[in-house]
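Below: the structure, in structure tokens.
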Amino acid sequence: MNFALYKQMLKVHGKTILSYSIGSAFYLLLIVGIYPSIADSQAMEKLLKQMPEQWLKAFGLNTGMGNLTEFVAGEYYSLLFILILSIYCIMTANQLMARLIDRGSIAYLLATPNSRQKIAFTQALVLLTGIVTIVFITTIAGIAGAEWLVSDYSLDRSLFIQMNLVGLLLFFSISGYSFFFSAIVNDEKQALSLSAGVTFLFYCFDLVGKLAEKVEWLRNISLFATFQPAEIAQGNADLLPVCILLFALGMISYIMAILIFSKRDLAI
Amino acid sequence: MIQLQGLTKVFPNGKGIFDITFTVEKGEVFGFLGPNGAGKSTTIRHLMGFMKPTKGTASINNFNCWNEASSVQKHIGYLPGEISFLEGMTGFEFLNLLAGMRGMKNFKYRDELIERLQFDVHTPIRKMSKGMKQKVGIVAAFMHDPEVIILDEPTSGLDPLMQQTFIEIVLEEKKKGKTFFMSSHSFPEIERTCDRAAIIKDGRIIAVKNIHELQSMQRKLFDVVLTSESEVQDLLQSPLDIISHNGNRVRIAVQGNYDTFIRELAKYNVQSMDVHVQSLEDIFMNYYDRRGDER
């Protein structure tokens with residue numbers, strides 16, 4: 001990696017990373033904060049019981065509101081967390097490669113005595129630094145919030161950290177293919193629509209697969225099926241194979257992206 | 001210093017550059033002339049290692065431009081034709097980034113260049129005018145004191161005064177023994193600095209000539225206004241190559257025969273005279289035509 005490039009890129013994208021982190025942390029704190037009022041209300045539990053099973057499953061509510069960990073898993077990690085990080089991955093991956101290639105400004109970077117591999121690797125590292133930062137700050141906020149905001153209820157730290165770790169790996173692989181598209185395509189918009197399209201499709205497959213039993217197989221081809229925060233919160237998910245799969249997918253995407261980028265023609 | 005050997009790149013649409021061969025010696029300022037779309041930028045992309053040749057090789061300092069791109073780049077400075085910098089930083093931060101990526105230690109020449117080009121380097125890039133960006137680009141290309149400098153259409157976007165400063169910088173660097181390769185679609189831009197030039201058309205080199213030879217080959221058009229139509233009629237009988245005439249105004253093509261031109265005109269009452277600005281194809285018209293006929 002090239003340190004000068006890494007430093008400058010972090011400076012440029014730092015604001016984005018920080019605002020995503022703060023947004024994510026605050027929303028999680030909000031969810032943690034409202035838990036006591038919901039936990040004590042019988043009405044909510046009743047309301048949920050009346051909902052169709054499939055529907056609850058689709059939105060991660062099937063575990064109920066049993067404890068704070070499950071509540072956070074259902075209310076934050078099954079939707080908003082995914083949304084925030086998907087947007088970060090797609091947008092930033094696009095800006096780090098495809099935009100520079102499309103506008104030709106990468107020519108200045110490539111004109112320095114650094115190999116293309118090195119430059120692409122540095123850009124990938126900037127993207128990953130952002131993901132780690134966002135997830136890390138979210139995790140800290142969750143633990144701290146549970147400690148100070150709602151001290152009567154306890155968050156299972158080990159399960160909560162596991163949830164965040166699998167989430168981190170999920171976005172390692174999502175950022176991987178986003179970066180891949182970003183590095184191999186000439187047109188910024190094309191790269192953006194490819195990575196956004198694939199992510200949206202994955203999400204839909206997962207959602208539809210959960211809602212309709214007939215097409216449950218769709219979930220098998222969705223990356224989002226690997227991340228089941230509700231089940232992690234209950235402590236009955238087998239995480240090792242999932243982690244290995246996500247890690248491998250991410251690694252392969254990044255390696256392919258860097259290799260193809262270093263061999264391709266650039267019209268810049 | 002720079003060697004192109006049968007360099008060929010064919011794009012899927014059949015266009016590209018074909019069998020480009022020439023050598024640029026150390027200390028030489030070499031011009032690369034051609035109309036837009038002739039293949040100048042494609043050739044430069046090969047020199048910079050941005051593209052892989054279909055056939056043939058490009059090398060600088062005996063390093064292959066594709067396989068050993070990062071070794072090549074140690075010794076070169078580059079000014080892209082289209083100026084597009086990274087976003088979200090000032091010109092100074094941008095230059096610092098490139099200096100950092102080059103492992104540059106000595107910033108004296110950089111500061112000197114900024115001083116000379118007279119611009120505020122701390123302006124955010126997105127607020128810069130085209131000319132200002134061009135100046136940042138020039139500093140980026142020269143600041144690390146490279147042996148070879150590759151410039152793609154260097155003076156586009158610079159006002160005439162700055163073009164003069166730029167030419168001075170090029171000539172100074174030339175004195176220090178630097179090698180230059182600069183592309184252009186305008187002959188006057190090349191004429192003032194280059195020792196030799198290659199002319200490219202439709203992806204093929206049609207001439208590599210000493211700049212004085214090219215100067216003698218270039219065809220200039222003069223718009224001359226005489227006092228009466230009868231004078232115009234007389235002038236038509238002269239050996240001058242008269243392209244067109246309209247009233248008192250006569251357009252005369254001159255190629256090398258300046259002396260005859262002056263002597264003939266001296267016989268009449270000339271009211272005004274202008275040099276007609278022409279495209280590259282027009283300047284080297286007979287060159288382009290003759291080659292076109294052969295093929």
> Does A:ASN114 satisfy the criteria of being outside any helix (DSSP H, G or I), surrounded by 21 or more Cβ atoms within 10 Å (Cβ to Cβ), touching a residue at least 12 places away in the same chain (Cβ under 8 Å) and within 14 Å of chain B (Cβ to nearest Cβ)?
Replying inline: yes
> Among the residues of segment B:210-219, which ones are within 21 Å of B:ILE150 (Cα to Cα) and either buried (at least 17 other Cβ atoms within 10 Å of the Cβ) or outside the structural domain of B:LEU151 (by TED's automatic domain parsing) (or both)?
Replying inline: B:ILE211
> Does segment B:270-278 contain at least one residue that is in a loop (DSSP other than H, G, I, E, B), modelled with pLDDT of 85 or more and surrounded by 14 or more Cβ atoms within 10 Å (Cβ to Cβ)?
Replying inline: no
> Among the residues of segment A:236-248, which ones are over 14 Å from A:LEU128 (Cβ atoms) and buried (at least 16 other Cβ atoms within 10 Å of the Cβ)?
Replying inline: A:ALA237, A:LEU239, A:VAL242, A:CYS243
>> Can you pull out every residue in segment B:238-269 that is touching a strand residue (DSSP E or B) at 6+ places or on another chain (Cβ under 6 Å) and not polar (S, T, N, Q)?
In response: B:LEU240, B:ASP241, B:ILE242, B:ILE243, B:ARG249, B:VAL250, B:ARG251, B:ILE252, B:ALA253, B:VAL254, B:PHE261, B:TYR268
> On the given criteria, is A:ILE90 buried (at least 22 other Cβ atoms within 10 Å of the Cβ), over 16 Å from the mean Cα position of the chain (by Cα) and closer than 23 Å to A:LEU192 by Cα?
Replying inline: no
> Hey, among A:ARG219, A:ARG264, which residue is among the charged types (D, E, K, R) and more than 24 Å from A:ILE84 (Cα to Cα)?
Replying inline: A:ARG264
> Do we find a residue being without any contact (Cβ under 8 Å) to a residue 60 or more places away in the chain, under 29 Å from B:LYS176 (Cα atoms) and assigned to a loop (DSSP other than H, G, I, E, B) anywhere in segment B:19-35?
Replying inline: no
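Conditions (1) within 14 Å of chain B (Cβ to nearest Cβ); (2) closer than 27 Å to A:TYR20 by Cβ; (3) in contact with a helix residue (DSSP H, G or I) (Cβ under 7 Å, 6 or more places away or on another chain); (4) part of a helix (DSSP H, G or I), marked per residue:
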{"site": "A:PRO36", "(1), (2), (3), (4)": "no, no, no, yes"}
{"site": "A:GLU45", "(1), (2), (3), (4)": "no, no, no, yes"}
{"site": "A:LYS49", "(1), (2), (3), (4)": "no, no, no, yes"}
{"site": "A:GLN54", "(1), (2), (3), (4)": "no, no, yes, yes"}
{"site": "A:PHE71", "(1), (2), (3), (4)": "no, yes, yes, yes"}
{"site": "A:TYR88", "(1), (2), (3), (4)": "no, yes, yes, yes"}
{"site": "A:GLN95", "(1), (2), (3), (4)": "yes, yes, no, yes"}
> Looking at segment B:49-68, is at least one residue in the same structural domain as B:ILE169 (by TED's automatic domain parsing), assigned to a helix (DSSP H, G or I) and more than 26 Å from B:GLU172 (Cα to Cα)?
Replying inline: no
> What residue, among those in segment B:179-200 that are in contact with a strand residue (DSSP E or B) (Cβ under 9 Å, 6 or more places away or on another chain), of a type outside the set (Gly, Ala, Ser) and over 21 Å from B:GLU147 (Cα atoms), is modelled with the lowest pLDDT?
Replying inline: B:GLU189
> Restricting segment B:92-148 to residues that are within 21 Å of B:GLU82 (Cα to Cα) and aromatic (Phe, Trp, Tyr), which is farthest from the other protein chains (Cβ to nearest Cβ)?
Replying inline: B:PHE119
> What about A:ILE174, is it within 24 Å of A:THR138 (Cβ to Cβ) and either touching a helix residue (DSSP H, G or I) at 6+ places or on another chain (Cβ under 9 Å) or surrounded by fewer than 18 Cβ atoms within 10 Å (Cβ to Cβ) (or both)?
Replying inline: yes
>> Looking for something outside any helix (DSSP H, G or I) and within 14 Å of chain B (Cβ to nearest Cβ) - is there at least one such residue anywhere in segment A:1-8?
In response: yes
> Where in segment A:152-268 are there helices (runs of 4 or more DSSP H), lying wholly inside it, with at least 2 residues that are within 14 Å of chain B (Cβ to nearest Cβ)?
Replying inline: A:239-263
> Within the set of pairs 6+ apart or on separate chains, which have a first residue in segment B:68-88 that is more than 7 Å from chain A (Cβ to nearest Cβ), a second that is surrounded by 19 or more Cβ atoms within 10 Å (Cβ to Cβ) and in a loop (DSSP other than H, G, I, E, B), and C-beta atoms under 6 Å apart?
Replying inline: B:ALA69/B:GLY49; B:VAL72/B:CYS65; B:HIS75/B:PRO146; B:ILE76/B:PRO146; B:GLY77/B:PRO146; B:LEU79/B:PRO154; B:GLY81/B:GLU153
> Which one of B:ASP195, B:ASP234 is farther than 26 Å from B:ARG251 by Cβ and either surrounded by fewer than 16 Cβ atoms within 10 Å (Cβ to Cβ) or not β-branched (Val, Ile, Thr) (or both)?
Replying inline: B:ASP195
> Which number in (1) part of a helix (DSSP H, G or I); (2) farther than 20 Å from A:PHE160 by Cα marks the one condition that A:TYR27 misses?
Replying inline: (2)
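The values are calculated or read from the model by the stated rules, or taken from the named source; none is laboratory data. What you see is a predicted model, and the numbers here were worked out from it, not measured in a lab. Please note: Cβ atoms are built from the backbone with ideal geometry, for glycine as well, and neighbour counts cover all protein chains shown.
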